[in-house]
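Please read the structure below before turning to the comments.
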Amino acid sequence: MPAVSAPSPVAAIEAAFARLAEWDDPACFISLRSREDALARARALEAEGSLGRPLYGLVFAVKDNIDVAGLSTTAACPEFSYRPHRSAFVVERLEAAGAIALGKTNLDQFATGLVGVRSPYGIPRNALRADLIPGGSSSGSATSVGAGIVDFSLGTDTAGSGRIPAALNGIVGLKPSLGLFSATGMVPACRTLDTISVFARSVELASRVATVAAGYDAADAYSCELASPALSVSSSRLRIGVPAVRYFFGDAAAEAAFAADLKTLEARGADLVELDFEPLHAVARLLYEGPWVAERYAATKPLIEERPEAFHPTTLKIIAGAKGLTAVAAFEAMYKLADLKRRTCAMIESVDALAVPTLPRAYTLADLAAEPVVYNSNLGTYTNFVNLLDLAAITTPVGQRSDGLPSSVTFIAPAGSDGRLAGYAARFGA
């Protein structure tokens, strides 16, 4: 899709609203700034000038579990809605850098899901093919970028919500190290594992946005001072770890495309090292089979106990299941995770990065209607373990599947590696 950025902020806003009308998907955004308000901000920017504003005139969208002053935050649950007086820490940094927030995007309710179909506000249309799910939970954030409405967007990522929808819409998804972006002004899903993430149509822009968004926030207990995520380019040969056993759940096109993507990596200077991913898959299973789902219960506790009917049925089933979990189960899972971290640490550190298929299978809307939970779990095969192990990741298209869809690869490395991961994605991506 063509970029909507223009020579001036005013022209950029006009182009964004024109593309929004052309795209005509009422499920993409939950709320929008008025054209008059957006144009007023654009005119003010033009009067002030671009000096010192690295994102001058770029238009962005914000997932509706992240605060934007003057627009309601719903987390895709109308009964939860509130109107913040101040934008989230990250949104304020982006606006100070010259970017203009267009509106709030749809999501799987309370950021629970990788599918993008669990919202009372409808299902955003996939930017590539209307019969495919948009991916979630950051569904509208991904489709708004993939459709060319905005230059970039903010999502969140706990289990892959900033990577799966990027892959399904053929764009870049940057999942920063935990704590690199402040969570002040973000509705939590799993507070200890959440991060705001970035969608863009290029690695360069995603990295530029991340560099602006990153910053220590004393008000956020989980904020960290980490290395700059600015894109770092390296031409040396790299050791890239790949799964020795790969799961595609019957999607032959995905399997063939990943094999071709690995050949591309080799041709561009990667030495591939096959690794046993079973310990990583064991970590992934902890996310929903273990007590971390209780964090979702804690985040929604007043509403789920007083008005459970306000929840999407699938979301309610997942979150309400945490009520019977015990502190004993939580500690047992923490011990298991610590053991798995020790077992995987040496493996991860033996290579420069891991490279995995972002999307093991491209599911359709009809698929999810028939099996809403198992297929959602399948989507997290190569994403669920990342935040539990405190890793950074970036997803980018590399090649193309036989059916014409882009093939997406995710590069993963330890916390603080954001800049070099962006360099790898730029080097190996399409």
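The values are calculated or read from the model by the stated rules, or taken from the named source; none is laboratory data. This one's a predicted model, so the numbers in the text were calculated from it and none came from an experiment. In this analysis, Cβ positions are derived from the backbone assuming ideal geometry, glycine residues included, and neighbour counts consider all displayed protein chains.
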Problem - Cβ-Cβ under 6 Å pairs, at least 6 apart or on other chains, the stretch 84-101 side surrounded by fewer than 20 Cβ atoms within 10 Å (Cβ to Cβ), far side of a type in the set (D, E, K, R) and part of a loop (DSSP other than H, G, I, E, B) - result: PRO84/ASP67; ALA97/ARG53
Exercise for the section: Could you list, in sequence order, all residues of the stretch 225-257 that are among the hydrophobic types (A, V, I, L, M, F, W, C) and farther than 25 Å from SER177 by Cβ? Expected result: ALA244, VAL245, PHE248, PHE249, ALA252, ALA253, ALA254, ALA256, ALA257
Handout entry: Breaking point among (1) modelled with pLDDT of 95 or more; (2) crowded, with 24+ Cβ neighbours inside 10 Å, for GLY122
Key = (2)
Practice task
Specify which of the listed residues (ILE394, ILE348) is within 26 Å of GLU274 (Cβ to Cβ) and assigned to a strand (DSSP E or B).
Solution key: ILE394
Handout entry: Extreme residue, farthest from the chain's Cα centre (by Cα), among residues of the stretch 45-83 that are without any contact (Cβ under 8 Å) to a residue 12 or more places away in the chain and more than 21 Å from VAL209 (Cα to Cα)
Key = ALA47
Practice task
Kindly provide the set of residues from the stretch 328-347 that are surrounded by 11 or more Cβ atoms within 10 Å (Cβ to Cβ) and either within 25 Å of the chain's Cα centre (by Cα) or of a type in the set (A, V, I, L, M, F, W, C) (or both), ordered by number.
Solution key: ALA329, ALA330, PHE331, ALA333, MET334, LEU337, LEU340, LYS341, THR344, CYS345, MET347
Handout entry: Condition broken by THR315, with the remaining ones in (1) hydroxyl-bearing (Ser, Thr, Tyr); (2) under 30 Å from VAL398 (Cβ atoms); (3) under 22 Å from the mean Cα position of the chain (by Cα) satisfied
Key = (2)
Exercise for the section: Could you list, in sequence order, all residues of the stretch 399-424 that are of a type outside the set (S, T, N, Q), closer than 17 Å to THR358 by Cβ and either in a strand (DSSP E or B) or not assigned by TED's automatic domain parsing to the domain that holds TYR363 (or both)? Expected result: GLY399, PRO406, VAL409, PHE411, ILE412, ALA413
Practice task
Might you let me know whether the stretch 108-116 holds any residue that is under 30 Å from VAL10 (Cβ atoms) and not polar (S, T, N, Q)?
Solution key: no
Practice task
Working only within the stretch 162-204, note down all residues that are assigned to a loop (DSSP other than H, G, I, E, B) and either free of Cβ contacts under 8 Å to residues at least 24 places away in the same chain or of a type in the set (Phe, Trp, Tyr) (or both).
Solution key: PHE181
Practice task
Could you tell me whether the stretch 93-109 includes any residue that is more than 23 Å from GLY57 (Cα to Cα), in a helix (DSSP H, G or I) and touching a His at 6+ places or on another chain (Cβ under 6 Å)?
Solution key: yes
Fill in the blank from the handout: Residue pairs qualifying under the 7 Å Cβ cut-off, at least six apart or on distinct chains, with the first in the stretch 333-362 being over 14 Å from ARG163 (Cβ atoms) and the second being hydroxyl-bearing (Ser, Thr, Tyr) and part of a helix (DSSP H, G or I), are ALA353/TYR424
Practice task
Answer yes or no as to whether GLY49 is closer than 20 Å to SER202 by Cβ and surrounded by fewer than 21 Cβ atoms within 10 Å (Cβ to Cβ).
Solution key: no
